[in-house]
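In what follows, a single structure is set out as structure tokens and then discussed.
The values are calculated or read from the model by the stated rules, or taken from the named source; none is laboratory data. Quick caveat: nothing in here was measured; it's all calculated off a predicted structure. Note that each Cβ is placed from the backbone with ideal geometry, even for glycine, and that neighbours are counted across all protein chains shown. For the accessible areas, the whole protein counts, side chains as well, though only heavy atoms, and no ligand, DNA or RNA atoms are used. Shrake-Rupley method; radii C 1.70, N 1.55, O 1.52, S 1.80 Å.
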Amino acid sequence: MSNRHLARSIAMQTLFEWDFRGQPSAGLPAILAHNLNEFGAGLDAEKQFAEELTNGVIDNQTKIDEIITKYAPNWPVEQLTMVDRNILRIGIYELQFNENPVPPKVAINEAIELAKSYGGPSSGRFVNGVLGTMYKEIEPATPIV
């Protein structure tokens, strides 16, 4: 597992726990610190990447959830599984809001891999469908492969 993928996994686990606990803003730094210490042994610069992802998702959560609603209209955000919801939040953050963007295909593929690892049997397809549709709309001239 690459260090960036591990950082994304830690960000997803942090957001999942934060969501599970009822989204306590005050508790987020402690949750992230615990997960970095517990699962992030050997991460250096990627610790900052995990923090950027986590904080970026939180800072843009309202806008991100509106995007989820737009591209998954049959699945209200609050009815999505917490894993799928937070993986989508990370993927959308990386595609739309990240100030240090990664290539869109990388962001989508990473989200799909997280969904396959942590989600249910159809999570990978669901995440791919939502993020793929979003990407096609924001980059209509670039085919997604």
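A few notes on this one:
- Subset of segment 22-50 [open to solvent by 60 Å² or more (accessible area, probe 1.4 Å), aliphatic (A, V, I, L, M) and either in a helix (DSSP H, G or I) or at pLDDT 95 or above (or both)]: Ala26, Ala30, Ala45
- Filter result for Glu99 (assigned to a helix (DSSP H, G or I) and either at negative phi or touching a residue at least 40 places away in the same chain (Cβ under 8 Å) (or both)): no
- Every condition in (1) under 17 Å from the mean Cα position of the chain (by Cα); (2) surrounded by fewer than 18 Cβ atoms within 10 Å (Cβ to Cβ); (3) under 22 Å from Val102 (Cβ atoms) holds for Asp19 except the one numbered (3).
- Residues (open to solvent by 20 Å² or more (accessible area, probe 1.4 Å) and under 14 Å from Tyr135 (Cβ atoms)) located in segment 67-92: Ile67, Lys70, Tyr71
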